[in-house]
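Single-structure report; data block below.
The values are calculated or read from the model by the stated rules, or taken from the named source; none is laboratory data. Computed from a predicted model, the values in this text were never measured in an experiment. Positions of Cβ are generated from backbone atoms using ideal geometry, with glycine treated the same way; all protein chains shown enter the neighbour counts. What goes into the accessible areas is simple: the full protein's heavy atoms, side chains included, and nothing from ligands, DNA or RNA. Shrake-Rupley method; radii C 1.70, N 1.55, O 1.52, S 1.80 Å.
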Amino acid sequence: GECALLQGCSSRFLDRLSALLRERVYEPDTQLVRIGDVGKELFVIESGSVVLHGEEDESGEATDVDVAAAGDTVGSVPLVFNIHHFRNARTSSVEEVHVFALTIEKYRLLLKMFPHQEDTIM
């Protein structure tokens with residue numbers, strides 16, 4: 001799917017971004033981020049799915065459960081605002097997940113080159 005976060009970005013920006021992204025493959029049931037981790041990477045899901053959830057309640061059930069799939073992002077808010085993750089993210093238990101990762105250093109470099117695109121991403 002299309003990445004909603006990047007809609008409206010210029011083609012030059014997207015070309016440069018594609019050069020900075022690193023492809024990664026994660027095995028099923030791999031923890032990508034934990035609540036409280038500092039946001040250091042943005043993940044754009046190419047294929048597979050990632051389960052996002054809040055803390056567990058008294059019965060051990062995860063709260064605030066959502067699923068991110070192809071075209072969705074994980075970690076965009078913590079990365080952009082330099083805050084801690086407020087949800088856990090774990091890859092699906094049934095399939096490997098292919099993502100494109102952008103580190104905070106590469107994100108900052110990109111915004112130095114294209115400062116006018118920051119509002120578009122937000």
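Sort through A19, A89 and tell me the only one that's surrounded by 12 or more Cβ atoms within 10 Å (Cβ to Cβ) and hydrophobic (A, V, I, L, M, F, W, C). If you could, list the steps in order and put the result at the bottom.
Details: A19 fails: surrounded by 12 or more Cβ atoms within 10 Å (Cβ to Cβ).
One residue alone meets the criteria, A89.
Matching residues to (1) under 29 Å from F13 (Cα atoms); (2) more than 13 Å from the chain's Cα centre (by Cα); (3) open to solvent by 20 Å² or more (accessible area, probe 1.4 Å); (4) of a type in the set (K, R):
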position: T30; (1), (2), (3), (4): no, yes, yes, no
position: I35; (1), (2), (3), (4): no, yes, yes, no
position: K40; (1), (2), (3), (4): yes, no, yes, yes
position: E58; (1), (2), (3), (4): no, yes, yes, no
position: E61; (1), (2), (3), (4): no, yes, yes, no
position: A68; (1), (2), (3), (4): yes, no, no, no
position: D72; (1), (2), (3), (4): yes, no, yes, no
position: V80; (1), (2), (3), (4): yes, no, yes, no
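If the condition is being within 23 Å of N82 (Cβ to Cβ) and part of a loop (DSSP other than H, G, I, E, B), then region 9-47 contributes C9, L21, R34, I35, G36, D37, G39, K40.
Taking each residue of region 1-26 that is within 15 Å of R108 (Cα to Cα) and looking for partners that are open to solvent by 40 Å² or more (accessible area, probe 1.4 Å) and in a strand (DSSP E or B) with beta-carbon atoms closer than 6 Å, six or more apart or interchain, yields L21/F100. Taking the listed residues I35, I83, the one that is aliphatic (A, V, I, L, M) and in contact with an Asp or Glu (Cβ under 7 Å, 6 or more places away or on another chain) is I35, with no other qualifying.
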